[in-house]
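Please read the structure below before turning to the comments.
The values are calculated or read from the model by the stated rules, or taken from the named source; none is laboratory data. Predicted model, so just to flag it, every value in this text is computed and none were measured. Cβ: placed from backbone, ideal geometry, glycine included. Neighbour counts: every protein chain shown.
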Amino acid sequence: MAGEHDAFDVRALEETALGAPLRFTRVEVADKAGVSLDVAEELWQQLGFPHAGDDDVAFTEEDVEALSRTRELVELGVLTPDSQAALVRTWGRSFARLAEWQVALLTRIAVEAEDPASTVDELTGQVLPAVEHLQSYVWRRHLAGAVGRLLEQGGDTSTTLAVGFVDIVGFTGRSRQLTEGELVAWVEHFEEHLTRSVVEAGGRVIKTIGDEVLFVTDTPAAAAEVALIATERGADPEDEFPQVRAGIAYGGVVSRLGDVLGPTVNVAARLTSIARPGTVLVDRGAHEALLAVEAADDPAPTEGEPSKLAALVDRAAEELADLAPYSEGSGFSFRRVPRTSVKGYKRLEAWAVRRPS
């Protein structure tokens with residue numbers, strides 16, 4: 001096994017990937033950049049870089065440049081200690097996943113070649129510049145979009161959005177029946193087509209979490225459209241799209257490092273966990289918005305114990321919820337479902353939504 005690694009000349013490949021020869025130890029890099037070794041090591045740890053010993057020649061001129069620029073941004077006040085740690089960790093996680101995926105692709109091609117070592121070297125030299133250019137292009141396009149959104153919000157990271165989760169039903173059982181390649185293709189098919197639906201609805205995919213996708217849209221109607229398309233495709237036996245369930249909540253969220261946080265996100269996740277296969281559940285905020293009803297016209301229940309009559313009526317309504325017909329409104333049909341207690345929320349209120357019959 002060691003011989004195989006030697007044949008690939010790992011050091012040469014590392015230098016090709018880094019775009020420069022390995023010349024410095026970690027002590028030399030920190031000294032050239034004008035930062036303490038403790039600061040440099042903290043940065044490298046947050047980025048998730050492999051640990052290097054004091055005598056390991058594992059760094060290039062680019063490492064010196066990166067440390068110098070980081071120091072300049074800190075001195076300018078652009079990077080505070082808190083924001084630096086969060087930003088660097090996000091960079092590290094995102095690029096580590098991207099790098100693993102890219103190397104896996106190159107390795108698969110190289111292993112099938114007659115001379116894997118030379119093929120890897122050739123591919124690395126040809127592919128990396130193109131990939132680097134495309135990554136910069138994609139980043140700048142997303143940067144432009146983020147600038148537009150933030151300016152519309154007046155620089156405020158808190159905003160009102162529809163948050164949706166779409167979850168594959170029976171993922172664990174199905175994954176056991178598939179080969180590794182089939183499983184990857186199945187999940188990628190799900191992510192690709194759901195992402196396309198989200199983008200066409202004017203939304204954004206925030207992240208994928210195993211067999212689940214988290215997305216946001218400006219309106220509950222757009223989120224409902226995405227979720228309904230997904231459940232309809234999942235119910236079609238002729239469609240390769242998996243059977244799914246979805247949960248949508250509408251309310252305030254906080255945007256942070258490309259993620260969204262807050263109770264609205266939590267509610268959407270809980271609704272997804274209790275949704276039946278092929279079903280889309282929405283919370284009160286999304287329900288009211290879809291019906292175009294002002295919240296003031298239908299205020300949420302106040303805190304405190306309800307009257308006995310109100311409690312009996314509410315309980316009867318919940319017990320009959322599964323038998324109640326869907327009501328029509330604003331291009332969608334709704335049916336209230338029994339309240340359910342889930343982690344963090346006692347008696348969570350929800351409505352099933354579908355297209356009008």
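For the stretch 177-216, a residue qualifies if it is under 18 Å from L271 (Cβ atoms), free of Cβ contacts under 8 Å to residues at least 60 places away in the same chain and surrounded by 13 or more Cβ atoms within 10 Å (Cβ to Cβ), and the qualifying residues are L194, V198, G203, I206, D211, V213, L214, F215, V216. Against the condition part of a strand (DSSP E or B), surrounded by 14 or more Cβ atoms within 10 Å (Cβ to Cβ), touching a Ser or Thr at 6+ places or on another chain (Cβ under 7 Å) and small (G, A, S), how does A162 come out, does it pass? Criteria met by A162. Within the stretch 29-38, the residues that satisfy the criterion of being exposed (fewer than 15 other Cβ atoms within 10 Å of the Cβ) and part of a helix (DSSP H, G or I) are L37, D38.
Among the residues of this structure, L228 does not count as one that is surrounded by fewer than 20 Cβ atoms within 10 Å (Cβ to Cβ), within 25 Å of A144 (Cβ to Cβ) and hydrophobic (A, V, I, L, M, F, W, C).
Every condition in (1) surrounded by fewer than 12 Cβ atoms within 10 Å (Cβ to Cβ); (2) at pLDDT 55 or above; (3) over 26 Å from T208 (Cβ atoms) holds for E238 except the one numbered (3). For the stretch 203-218, a residue qualifies if it is assigned to a loop (DSSP other than H, G, I, E, B) and out of contact with any strand residue (DSSP E or B) (no Cβ under 6 Å at 6 or more places or on another chain), and the qualifying residues are G210, D218. Return the residues of the stretch 1-27 that are modelled with pLDDT under 60, part of a helix (DSSP H, G or I) and either within 19 Å of W44 (Cα to Cα) or more than 36 Å from the chain's Cα centre (by Cα) (or both); say none if nothing qualifies. A2, G3, E4, D6, A7, listed by residue number.
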